[in-house]
Amino acid sequence: MREIGLYIHIPFCKRKCYYCDFNSYAGYDYLFEDYIRALLMEIESNSTKNYNVVSVYIGGGTPNILPPSYIDEILMSVFKNYKILDGCEITIEMNPGLITEEKLKIYKGSGINRVSVGLQAFQNRLLKYIGRIHTIEEFFRNYELVKKFFDNINIDLMYALPTQTFKEWQETLKEVVKLQPTHISTYSLILEPNTFFYKLYEKGQLSIVDEEEELRMYHWGIEFLKEKGYHHYEISNFALPTFECRHNILYWQCKNYLGFGAGAHSYMKDVRYSNIENIKDYITGILERKIAVKEKIKLTKEDRMAEFMFLGMRMTKGVCDEDFKKRFGVSLFEIYKKIIQKYLNEGLIEVDNECVKLTERGIDVSNVIFEEFLP
């Protein structure tokens with residue numbers, strides 16, 4: 001039976017972070033009940049036992065802003081309507097400052113076995129500057145609580161933040177590693193339109209880290225985390241052995257997944273679906289018409305091959321010709337011969353056991369290389 005992942009989007013936040021471009025909103029607490037009602041209807045209406053669910057990911061927004069009974073209801077519906085494999089990875093994202101023992105007990109009891117905690121930076125100065133709702137002291141208190149209930153913990157971090165120094169980034173990683181999380185994600189700041197930081201940048205009021213310093217932070221992080229036993233398995237992700245994020249690997253390997261909630265995306269049988277993003281419109285769509293899909297895109301074979309390459313090459317093991325042939329009936333070396341030769345000559349990709357992967361220098365310019373694969 002084929003595998004599938006489920007993504008559940010909770011678009012509510014206590015406050016929007018200054019860098020955040022996700023589909024999330026502050027000040028909509030009054031819509032919690034209606035949103036969950038619509039979400040449960042959407043989950044039930046897509047019910048299928050024809051797939052083995054290998055991962056469930058509850059993301060946001062800030063899922064732990066909700067009363068924990070709602071999370072329990074969501075997962076009860078998931079277990080009722082889908083075939084959940086034993087050992088299925090079930091993750092919830094959480095923000096410090098909103099974590100309580102009561103919530104964690106309910107999460108554990110509802111089947112959650114992995115948590116992702118958004119820290120971003122270790123220094124209170126930076127946390128305040130980027131609009132986080134918590135202090136480092138609150139994070140430590142919350143993390144100790146989380147460890148009482150969960151063994152599989154990811155910590156999200158950001159580097160190249162405005163005004164952040166190289167020394168502060170080093171301190172952040174050193175302190176986080178002391179906590180021994182099983183997984184660490186490190187993302188560089190991207191200035192996205194419609195964010196508070198972007199508006200400041202347009203006005204010339206944001207002090208950004210230059211590209212050379214950003215790469216220095218990134219490379220130091222890779223070497224440091226490797227020394228501490230973390231496997232660098234994807235451009236931005238590091239895990240202790242066997243703790244790689246199964247849900248994200250589904251995305252990078254172009255496997256099927258269903259997304260529920262406002263702005264959620266799905267990929268099923270070579271078709272991409274995206275839901276209405278506005279919370280109120282999503283609720284109305286589900287409750288009145290029982291549908292919230294805004295757009296459907298049927299991918300051509302050319303599209304699917306390109307996605308398989310540039311998503312797969314995000315992973316450090318790269319894309320293997322055997323897997324490509326199984327999926328598309330043709331060799332990737334035949335389809336992408338010119339591109340591969342070009343970047344082999346430039347030392348930006350390498351071929352190892354018939355697998356194409358980025359070199360260290362290639363990772364630095366990965367977006368440029370990925371664009372070459374687009375139809």
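The values are calculated or read from the model by the stated rules, or taken from the named source; none is laboratory data. These numbers come from a predicted model, not from an experiment. Here the Cβ positions follow ideal geometry from the backbone for every residue, glycine too, while neighbour counts run over all protein chains shown. In case anyone asks, the SASA skips ligands and DNA or RNA and just uses the protein heavy atoms, side chains included. Shrake-Rupley method; radii C 1.70, N 1.55, O 1.52, S 1.80 Å.
For segment 302-339, which residues satisfy the criterion of being among the acidic types (Asp, Glu), surrounded by fewer than 14 Cβ atoms within 10 Å (Cβ to Cβ) and in contact (Cβ under 8 Å) with a residue 60 or more places away in the chain? Within segment 302-339, just Glu302 meets the criteria. One residue stands out among those in segment 150-167 that are hydrophobic (A, V, I, L, M, F, W, C) and buried (at least 17 other Cβ atoms within 10 Å of the Cβ): the one that is nearest to Glu102 (Cα to Cα), which is Phe150. Considering (1) under 12 Å from Met305 (Cβ atoms); (2) open to solvent by 90 Å² or more (accessible area, probe 1.4 Å), the lone condition that Phe373 does not fulfil carries the number (2).
Checking Ile279, Ile291, Ile283, Ile249 one by one, the residue that is among the β-branched types (Val, Ile, Thr) and open to solvent by 50 Å² or more (accessible area, probe 1.4 Å) is Ile291 and no other.
The set of residues in segment 286-345 being among the acidic types (Asp, Glu) and touching a helix residue (DSSP H, G or I) at 6+ places or on another chain (Cβ under 7 Å) consists of Asp321 alone.
Each residue in segment 81-116 was checked for being outside any strand (DSSP E or B), surrounded by 18 or more Cβ atoms within 10 Å (Cβ to Cβ) and hydroxyl-bearing (Ser, Thr, Tyr), and 2 pass. When the residues of segment 39-64 are filtered to those that are part of a helix (DSSP H, G or I) and over 26 Å from Glu244 (Cα atoms), the one that is most open to solvent (accessible area, probe 1.4 Å) is Glu44. Within segment 168-191, the set of residues being in a loop (DSSP other than H, G, I, E, B) and exposed (fewer than 15 other Cβ atoms within 10 Å of the Cβ) comprises Gln180, Ile190.
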